[in-house]
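The numbers here are math on the coordinates, done by the rules we state, and not lab data. These numbers were taken from a predicted model, which means no experiment stands behind them.
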Amino acid sequence: MPFVNVKITKDGTSREQKAQIVAEITDTLVRVLGKKPEHTHIVIEEIELENWGFGGILTDEYRAKN
C-alpha cells in the first residue's frame, strides 16, 4: 500500500489542482511500480507560509522581498 505525503505551502492551490496532483501521482505509481490505484494513498498537507523556511528565512518573508 503506497502512501505519499505531499507538502506544499498554503498559497491558494485549487481543489482541481490538488485532484490533478493526486491523479498524476497515482498514475505514476501504477505505471512505474504496478501498484493498484485503490491501494494508493496520497495526502496533501498545506503549510502556512510562516511555518515553512528555506535559505535561512521564512517563506512569507522571502516572498515579501521578491
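Here are the numbers for this structure:
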{"quantity": "Percentage relative contact order, the chain, counting C-alpha pairs under 8 Å, at least six apart", "calculated": "43 percent"}
{"quantity": "Pairs of lysine residues in the chain - Cα separation under 24 Å, sequence separation of 8 or more or cross-chain", "calculated": "8"}
{"quantity": "Candidates Glu46, Glu24, Glu16, ranked by Gaussian network fluctuation over the chain, Cα under 10 Å, top entry", "calculated": "Glu16"}
{"quantity": "Nearest-ten-degree value, helix 15-33 long axis tilted from longest Cα axis of the chain", "calculated": "50 degrees"}
{"quantity": "Gain in span if fully extended, Leu58 to Val32, counting 0.36 nm per residue against the direct Cα distance", "calculated": "5.8 nm"}
{"quantity": "Convex hull volume per residue in cubic angstrom - Cα atoms of the chain", "calculated": "110 Å³"}
{"quantity": "DSSP-defined beta bridges in the chain - what % are antiparallel, rounded to 5", "calculated": "20 percent"}
